[in-house]
Amino acid sequence: MSGSETVVVRRCTAADAAHMGAREPAASGYARGALARQRAGLTDFLVALVDGVVVGSGELTSGDPAQLKSLAVEPAARGQGVGSAIIVAAEAMVVGRVGRVERVGPNGEGHRRLVLGVGLDNPRAAALYERLGYVRSGVVTTTTYEYVDDLGVTRTATETDEDLVKTW
């Protein structure tokens, strides 16, 4: 990306998932699984496109509060507004779900909330979220999971994340 292209964010289509799946390790199946969760009404699987090519994605849960999970941007597209565009689209979806009528709580807080998890080893992403109005919650979780690497080998990883929350 040269920085002058327009980022379009929308719900993932079957064609998008197939394109993403072709770039995943053979046994990963993430894009296929995320599309299935979207079809089941569990998430909105958002994709960011530049010139019709998927360069980022994230899953917005349907819970309360909504969570934006698995936010990812292709390395060549980082720093070009793709992550911000996905977050702004997710926030718009939360507004659409909750409504545009402002209901303010007793301490002046809004009624819309979105949670993003960020790895403690990813200060660049945390800085982006904070610039967009997200606040560290102090809620830290450690998760161990299996994934398939680029060579098709199943590996185990452990991540420690902190939730950042935006309320408006």
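Angle between the Cα long axis of helix 30-39 and the longest principal axis of the chain, 0 to 90 degrees, nearest 10?
Roughly 50 degrees, rounded to the nearest 10.
What number comes out for the charge environment of Gly138, summing +1 per Lys or Arg and -1 per Asp or Glu over other residues with Cβ under 9 Å away?
Computed value for this residue: -1.
At a Förster distance of 22 Å, what's the computed FRET efficiency of Glu24 paired with Arg155, Cβ-Cβ distance as r, to 0.05?
0.95
Just how many % of Cα pairs in the stretch 18-168 lie over 29 Å apart, if you round to the nearest whole percent?
Cα-Cα pairs in the stretch 18-168 separated by more than 29 Å: 18 percent.
Just add up the charged neighbours of Gly58: K/R +1, D/E -1, any other residue whose Cβ is under 10 Å from the Cβ of Gly58.
-1
With angles folded into 0 to 90 degrees, how steeply does helix 14-23 sit against the dominant principal axis of the chain? Use alpha carbons for both and round to 10.
Orientation of helix 14-23: about 60 degrees from the principal axis.
Can you tally the net charge around Gln67? Count Lys and Arg as +1, Asp and Glu as -1, for every other residue whose Cβ sits under 12 Å from the Cβ of Gln67.
That sum, taken over residues with Cβ under 12 Å, equals -2.
Would you please put 148-156, 18-26 in order of how densely packed they are, using the mean number of other Cβ atoms within 10 angstrom per residue and starting with the highest?
Ranking, from highest mean packing down: 18-26, 148-156.
First measure r as the distance between the Cβ atoms of Val139 and His111, then evaluate 1/(1 + (r/R0)^6) with R0 = 25 Å and state the FRET efficiency to the nearest 0.05.
Calculated transfer efficiency: 0.80.
Just to be sure I understand the model, the point goes 7 Å from the Cα along the line to the Cβ. What's the resulting Ala14 to Arg131 distance in nm?
3.9
So what is the calculated 222 nm ellipticity per residue for the chain, using -39500 (n - 2.57) for each DSSP H run with n of 4 or more, over all residues, to the nearest 500 deg cm²/dmol?
Calculated from helices alone, the mean residue ellipticity at 222 nm is -8500 deg cm²/dmol.
How far, in degrees from 0 to 90, does helix 82-98 lean away from the longest principal axis of the Cα atoms of the chain, to the nearest 10?
Helix 82-98 and the main axis of the chain meet at about 50 degrees.
Bear in mind that the values in this text are calculations on the coordinates, not laboratory data. Not measured: the values here are computed from a predicted model. Virtual Cβ from ideal backbone geometry, glycine too; neighbours counted across all protein chains shown.
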